[in-house]
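Report on the structure given below.
The values are calculated or read from the model by the stated rules, or taken from the named source; none is laboratory data. Since we're looking at a predicted model, the values are computed, not measured. Cβ placement follows ideal geometry from the backbone for every residue including glycine, while neighbour counts extend to all protein chains displayed.
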Amino acid sequence: MTAQDYIRSYYAATANDQTRYPVLEGTVKADVCIVGGGFSGVAAALTLAERGRSVVLLEANRIGWGASGRNGGQMIGGISGEEAIKRQLGSAGAKLVRDMRYRGHQIIEERVAKYNIACDLAYGWMEVAARPKHMDHMRAYVEGRMKDGDGDQIEVVEKHRMPEVLGTESYYGGYIDRRSGHVHPLNLCRGEAAAAASLGVEIFEGTKVVNLSGGAKPWVQTERGRVEAGTVIIGGEIFEKFGQPGLKGLMLPAGSYIIATEPLTGSETASVDPQNLAVADSNVVLDYFRMSADRRMLFGGRCNYTNRDPKDIAAVMHPRMVQVFPQLKNARVEFKWGGTIAIVVNRVPAVGRLSPNLYYFQGYSGHGVNATHIMAEIVSDAICGTTEQFDLMSRIKHIRLPLSDVFGNYMLALGMLYYRMRDLM
């Protein structure tokens, strides 16, 4: 296998840290071996290193190469699938949801400050109503959040107030979460990796894992080396199962795509997004957008329903951006990119233990910036002996799709087409 470099995204073009980590050759030993160099693996590596564990981190390509380094950069409170957690776990699940809501934000903020990570962290996130009826749900949601004590950071925006928030007539209102926000995801991921390396974590890029095992003496075999560890973690949206039946049918890949315009003028920025909010609409098959630190519109979404990459991402995404923001019709697209994210049927991240000393956590359904850091801490806590939240998350029952390896793309395409038709209706 030849390791792949980053796709040509806006994030890769503006990455601060260009460190290249070596390929693993030979045998190394550690307390913990982590497979996957995205947010999940990097966040766990840094957490465990801060607690004094020796850690080896293995990445098949580059740190942040996958969804962690090319996503929308939206740092959204909570995790996907919260209602499923409450439904399955009752009052314990409701407490878990409240306790986790902004924990990922706190971890990110603490690390940005402690390790001086430049990642364009900014605050303000909004969900906008794509249909009038969606406002009923949003009002009820905000009311519930206020009962939880979040009234100082969350507010409903009715349709008549939308012009002061966004320069578009496409939406029927929404709500703003001032505690959430947005980041440059690749710079955050690579910054955390650099922090982990400074604490002694051994990071290897271009190092594909070919097999692994838990049990009494866990090990990980790579193409050119081997790690012997006390614990192994499969971290993040890794579609390779490594022969582990417990991972089959949990996740399906879905395509998500983004365009970045040329830098906008100050007046253009003010006409589009005067409060510098990250925004996602309320459709299941949604659009999402935000301004970059250098005033580019980053506009993303799922632009096809066959789960095949479009031949020209800009040709599909640009018209949608102009439909939302007609004032950007002449803005030149300078970057276009995409790739897969992992969808879990019930939207709850999949967390568990496959065998003694072999853990996994993955499947964030588009909410990865915050959720990865939460789940990394929960799994790290379990490894260090505190298992309360891990035990709750591992009790969640997931729908496993039979023959997903063979028919997964077709099933996902049909499902996304169904939701797209429902959104339109």
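Against the definition (buried (at least 19 other Cβ atoms within 10 Å of the Cβ), out of contact with any Cys (no Cβ under 8 Å at 6 or more places or on another chain) and at pLDDT 95 or above), how does residue 121 come out, yes or no? So residue 121 fits the description; yes.
Residue check: residue 308 meets all listed conditions (1) at pLDDT below 95; (2) buried (at least 18 other Cβ atoms within 10 Å of the Cβ) but one, namely (2).
When segment 222-248 is filtered for residues that are surrounded by fewer than 14 Cβ atoms within 10 Å (Cβ to Cβ) and either without any contact (Cβ under 8 Å) to a residue 24 or more places away in the chain or among the acidic types (Asp, Glu) (or both), only 245 remains. Do the conditions hold for residue 329, that is, is it touching a helix residue (DSSP H, G or I) at 6+ places or on another chain (Cβ under 7 Å), under 30 Å from residue 23 (Cα atoms) and not polar (S, T, N, Q)? Criteria not met by residue 329.
All conditions in (1) in contact (Cβ under 8 Å) with a residue 40 or more places away in the chain; (2) of a type in the set (Val, Ile, Thr); (3) in a helix (DSSP H, G or I) hold for residue 97, with the sole exception of (1). Selection of segment 333-349 for residues being farther than 20 Å from residue 107 by Cβ and modelled with pLDDT under 95 yields 338, 339, 340, 341, 342, 343, 344, 345, 346, 347. Taking the criterion of being of a type in the set (Val, Ile, Thr) and buried (at least 24 other Cβ atoms within 10 Å of the Cβ), the residues of segment 4-46 that qualify are 32, 34, 35, 42.
For segment 147-196, a residue qualifies if it is out of contact with any helix residue (DSSP H, G or I) (no Cβ under 8 Å at 6 or more places or on another chain) and among the hydrophobic types (A, V, I, L, M, F, W, C), and the qualifying residues are 157, 162, 165, 176, 194.
Conditions tested, residue by residue: (1) over 15 Å from residue 281 (Cα atoms); (2) at pLDDT below 95; (3) β-branched (Val, Ile, Thr).
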{"position": "144", "(1), (2), (3)": "yes, yes, no"}
{"position": "148", "(1), (2), (3)": "yes, yes, no"}
{"position": "153", "(1), (2), (3)": "yes, yes, no"}
{"position": "166", "(1), (2), (3)": "no, no, no"}
{"position": "173", "(1), (2), (3)": "no, no, no"}
{"position": "184", "(1), (2), (3)": "yes, no, no"}
{"position": "187", "(1), (2), (3)": "yes, no, no"}
{"position": "192", "(1), (2), (3)": "yes, no, no"}
{"position": "195", "(1), (2), (3)": "yes, no, no"}
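If you go through segment 125-180 and keep only what is closer than 22 Å to residue 72 by Cβ and of a type in the set (A, V, I, L, M, F, W, C), you end up with 125, 126, 128, 129, 130, 138, 154, 157, 162, 165, 166, 176.
Can you go through 26, 41, 36 and tell me which one is of a type in the set (Gly, Ala, Ser) and farther than 20 Å from residue 240 by Cα?
Values: 41 fails: farther than 20 Å from residue 240 by Cα; 36 fails: farther than 20 Å from residue 240 by Cα.
Answer to the selection: 26.
From the list 84, 113, the one residue that fits, being part of a helix (DSSP H, G or I), modelled with pLDDT under 95 and not hydroxyl-bearing (Ser, Thr, Tyr), is 84. When residue 207 is evaluated against the numbered criteria (1) in a loop (DSSP other than H, G, I, E, B); (2) farther than 27 Å from residue 69 by Cα; (3) touching a residue at least 12 places away in the same chain (Cβ under 8 Å), which criterion, by number, is the only one it fails? So the condition that residue 207 fails would be (2).
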